[in-house]
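The values are calculated or read from the model by the stated rules, or taken from the named source; none is laboratory data. Model, not experiment: these values are computed from the prediction. So basically every Cβ, Gly included, is an ideal-geometry build from the backbone, and we count neighbours across all protein chains shown.
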Amino acid sequence: MASGGVILSNSFSFYQKRIVMSSRMQEKNGGASIPHVLSVAGSDSGAGAGIQADLKACAARGVYCSTVITSVTAQNTVGVQAVHAVPEDFVAQQLKSVLSDMQVDVVKTGMLPSVGVVKVLLQSLTEFSVRALVVDPVMVSTSGDVLAGPSILSTFREELLPMANIVTPNIKEASALLGGIRLETVADMRNAAELLHALGPRNVLVKGGDLPDSLDAVDIFFNGEHFYELRSSRIKTRNTHGTGCTLASCIAAELAKGSPMLTAVRVAKRYVETALEYSKDILIGNGIQGPFDHLLRLKSGSQSFHRKDAFNPSDLFLYAVTDSGMNKKWGRSMVDAVAAAIQGGATIVQLREKDAETRDFLETAKSCLAVCRSHGVPLLINDRVDIALASDADGVHVGQSDMPASVARTLLGPEKIIGVSCKTIEQAQQAWIGGADYIGSGGVYSTNTKANNPTIGLDGLKTVCSASKLPVVAIGGINASNAGTVMEMGLPNLKGVAVVSALFDRENVLAETKKLHALLMEASSSKMQ
Ligand SMILES: Nc1ncnc2c1ncn2[C@@H]1O[C@H](COP(=O)(O)OP(=O)(O)O)[C@@H](O)[C@H]1O
Ligand SMILES: Cc1ncc(COP(=O)(O)O)c(N)n1
Ligand SMILES: [Mg+2]
């Protein structure tokens, strides 16, 4: 068993410590602590691997990441063009700056270009205690360039590995650490994991990303007692640059949050697999191995028809809210109804489905989104944040008894549109504080699309509009006979009207929408005169 090593507590006592620590800190500065990983690694100018991957992986996993840079590489998707090692005493200075000031939970190492740098790191770890050490024994980049020469092997074996809570070599690195043994099969990987464990690390993960002829991406985890064969599907992509750095950072991040080791490794592997899947078609650089997207934003396929603009309040001008019952009654599909409304001039669409099965609602949302995107019209989902997320719709509209805007904002992120139904000044104020983009105010007139919904009338609308800090759309019983009156009042912040029955409880959606659009245009131009 390992004699030295950084003590990794079990998750229970770890949480206890965190609670004690954070309450202590709260007393001191009124703040709470956040899980913290220190990455000691090299910089990759192409930002697929190294420090840059570590920062992104920790950010994606919700953990703070500080950085000590050991080496600066000139690197891209073709390979490593040059390496400039940071002087050892300057690496020591960076370690001291971070560790003497900040409460680091886990140290993760990547490229350690010289024996001197390893020694400096080990010295720091004796001076400042951390909870765990994750060692990714980076030696050769996937492009074949040497990042740490063979002279470092004995220091890795004799001094660094015995301190590690986990070491995560790829096949080539495991082979090098074990004096060049052959590693070609999963059985070889098991054998290597056992031999590496005997060098002192508490856990070993031999990564099989580069295992020849393997349909799956297989990694072998060994904790000294049991072997675990961790399998995921092998994603067909060129964008695997930085998978090793990312995996190790994610393990460190999960450990910093308090996960047990095997859980941390499983989560990290799942995260890499998901990120590769999302990024499999992105194209960055002309070389053989591209970076992937740690934040999973460049979801394959959807980029090409993403809305180009941020929310524009004038989109509220003619706001079409669907009703499945009405469209069924007139014998048309939701997609056809939405397409007709857009053709007639609707400037934003909200899908409102109170009874549909979740699976059907999701399919409807996706089909409607395709129509809306092709016309540059935003599509919002009523109430169902899950459907908005799953369909990648442009946002949600929530009522007072639905999810609060602030929670929806946290789930949906900064770019999505959030609207809130408000009847009072207080609700409008709350919507603004919660991070909404607009409010819907009503019912202005009585309506049969919403039972037991008290109307606020034009006076109520005026009160809310005058106090609102957000753009307003009027809703409730609005149709061709009264829309003009509403808009001609020239209320502050009022940007348009939202309608349900006036468009969808009619035989010809296209004609009705055109009529209402023309009327609104006239009302807003007469208001301007
Ligand atoms: N094409 C792929 N599909 C799914 N997982 C992969 C793929 N390539 C690598 N991985 C996973 O990424 C992690 C890093 O492995 P590997 O690429 O072997 O390390 P390194 O980047 O250090 O060479 C491992 O968990 C491995 O299984
Ligand atoms: C600065 C730096 N650190 C680590 C790696 C290894 O990453 P990979 O094996 O995925 O090429 C790298 N290429 N550059
Ligand atoms: Mg790799």
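Within 13 Å of ligand 1 (Cβ to nearest atom) and buried (at least 24 other Cβ atoms within 10 Å of the Cβ): does that describe residue 164? Quick ask: steps written out before the conclusion?
On the way: within 13 Å of ligand 1 (Cβ to nearest atom): no; buried (at least 24 other Cβ atoms within 10 Å of the Cβ): yes.
No: the conditions fail for residue 164.
How about the range 252-288: which of its residues are in contact (Cβ under 8 Å) with a residue 60 or more places away in the chain and in contact with a strand residue (DSSP E or B) (Cβ under 8 Å, 6 or more places away or on another chain)?
252, 253, 255, 256, 261, 265, 284, 285 - these are the residues of the range 252-288 that are in contact (Cβ under 8 Å) with a residue 60 or more places away in the chain and in contact with a strand residue (DSSP E or B) (Cβ under 8 Å, 6 or more places away or on another chain).
Does the range 361-373 contain any residue that is buried (at least 22 other Cβ atoms within 10 Å of the Cβ), in contact with an Asp or Glu (Cβ under 9 Å, 6 or more places away or on another chain), closer than 21 Å to residue 428 by Cα and free of Cβ contacts under 8 Å to residues at least 40 places away in the same chain?
Taking every residue of the range 361-373 in turn, none turns out to be buried (at least 22 other Cβ atoms within 10 Å of the Cβ), in contact with an Asp or Glu (Cβ under 9 Å, 6 or more places away or on another chain), closer than 21 Å to residue 428 by Cα and free of Cβ contacts under 8 Å to residues at least 40 places away in the same chain.
Quick one: is residue 328 in a loop (DSSP other than H, G, I, E, B) and modelled with pLDDT under 95? Even if it seems obvious, please write down each step before you answer.
Numbers: in a loop (DSSP other than H, G, I, E, B): no; modelled with pLDDT under 95: yes.
Against the criterion (in a loop (DSSP other than H, G, I, E, B) and modelled with pLDDT under 95), residue 328 does not qualify.
Which residues, taken from the range 203-220, are within 12 Å of ligand 3 (Cβ to nearest atom) and touching a residue at least 60 places away in the same chain (Cβ under 8 Å)?
Narrowing the range 203-220 to residues within 12 Å of ligand 3 (Cβ to nearest atom): 207-211, 217, 219.
Within the range 203-220, just 210 meets the criteria.
What are the residues in the range 83-113 that are in contact with a strand residue (DSSP E or B) (Cβ under 9 Å, 6 or more places away or on another chain), within 13 Å of residue 69 (Cα to Cα) and in a loop (DSSP other than H, G, I, E, B), if any?
Of everything in the range 83-113, those that are in contact with a strand residue (DSSP E or B) (Cβ under 9 Å, 6 or more places away or on another chain), within 13 Å of residue 69 (Cα to Cα) and in a loop (DSSP other than H, G, I, E, B) turn out to be 86, 110, 111, 112, 113.
Restricting to the range 465-495, count the residues that are under 19 Å from residue 428 (Cβ atoms) and either touching a Gly at 6+ places or on another chain (Cβ under 7 Å) or of a type in the set (Gly, Ala, Ser) (or both).
Adding up the residues that qualify gives 8.
Is it the case that residue 219 is on the phi < 0 side of the Ramachandran plot and in contact with a Gly (Cβ under 8 Å, 6 or more places away or on another chain)? Walk me through it before giving the result.
Details: on the phi < 0 side of the Ramachandran plot: yes; in contact with a Gly (Cβ under 8 Å, 6 or more places away or on another chain): yes.
When the stated conditions are applied, residue 219 passes them.
With the requirement that a residue be more than 13 Å from residue 201 (Cα to Cα) and within 16 Å of ligand 2 (Cβ to nearest atom), what does the range 152-173 give you? Reasoning before the result, please.
To start, the set of residues in the range 152-173 that are more than 13 Å from residue 201 (Cα to Cα) comprises 152-155, 170-173.
Result: 152, 170, 171, 172, 173.
Just to be sure, is residue 211 among the hydrophobic types (A, V, I, L, M, F, W, C), exposed (fewer than 15 other Cβ atoms within 10 Å of the Cβ), modelled with pLDDT under 95 and closer than 25 Å to residue 48 by Cα? Give the derivation first.
Details: among the hydrophobic types (A, V, I, L, M, F, W, C): yes; exposed (fewer than 15 other Cβ atoms within 10 Å of the Cβ): no; modelled with pLDDT under 95: yes; closer than 25 Å to residue 48 by Cα: yes.
So residue 211 fails the test.
Count, please, the residues in the range 221-245 that happen to be without any contact (Cβ under 8 Å) to a residue 40 or more places away in the chain and either in a loop (DSSP other than H, G, I, E, B) or more than 10 Å from ligand 1 (Cβ to nearest atom) (or both).
We begin by selecting, within the range 221-245, every residue without any contact (Cβ under 8 Å) to a residue 40 or more places away in the chain; these are 222-223, 225-228, 230-231, 234.
Checking which are either in a loop (DSSP other than H, G, I, E, B) or more than 10 Å from ligand 1 (Cβ to nearest atom) (or both) leaves us with 222-223, 225-228, 234.
Total meeting the criteria: 7.
Which condition number does residue 200 fail, the rest of (1) more than 17 Å from residue 247 (Cβ to Cβ); (2) away from ligand 3 (no atom under 16 Å from the Cβ); (3) touching a residue at least 12 places away in the same chain (Cβ under 8 Å); (4) assigned to a helix (DSSP H, G or I) being met?
(4)
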